[in-house]
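Data first, discussion second: the structure below is written as structure tokens.
Nothing in this text is a laboratory measurement; each read-out follows from the coordinates by a stated rule. Note that the structure is a prediction, hence the values are computed from the model and not measured. Neighbour counts run over all protein chains shown; Cβ positions are idealised from the backbone, glycine included.
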Ligand code: FES
């Protein structure tokens, strides 16, 4: 499933960037050497980042 249609980023591409340390949507774009265009995906990317952080926090407990 695509998260960012402008850059052709799928959920798994975003997760790869998040697992590599991306903490902000801009860092997800940077990881994939692209940048926000329409920015409609930024809220979804933030949610994915928050969910990944929460999952890592619970895994560490
Ligand atoms: S959908 Fe991601 S920048 Fe447009």
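Calculate for the chain the 222 nm mean residue ellipticity that helices alone would give, adding -39,500 (n - 2.57) per DSSP H run of length 4 or more and normalising by residue count, nearest 500 deg cm²/dmol. Mind showing how you got there, number by number?
On the way: 3 runs with 35 residues, N = 61.
Calculated from helices alone, the mean residue ellipticity at 222 nm is -17500 deg cm²/dmol.
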Alpha-carbon Debye profile of the range 8-61, log10 I(q)/I(0) at 0.23 Å⁻¹: -0.82
Over the range 2-60, relative contact order from alpha-carbon pairs under 8 Å, at least 6 apart, %: 33
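Given a Förster distance of 30 Å, report the FRET efficiency between residue 2 and residue 60 from their Cβ-Cβ distance, rounded to the nearest 0.05.
Numbers: r = 30 Å, r/R0 = 1.02.
Computed FRET efficiency for residue 2 and residue 60 comes out at 0.50.
What ranking do 21-32, 46-57 get when scored by the average of other Cβ atoms within 10 Å per residue, highest first? Can you show the working numbers first?
Details: 21-32: 17.1, 46-57: 12.8.
Ranking, from highest mean packing down: 21-32, 46-57.
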Angle in degrees between helix 42-60 and the longest Cα principal axis of the chain, rounded to the nearest 10: 20
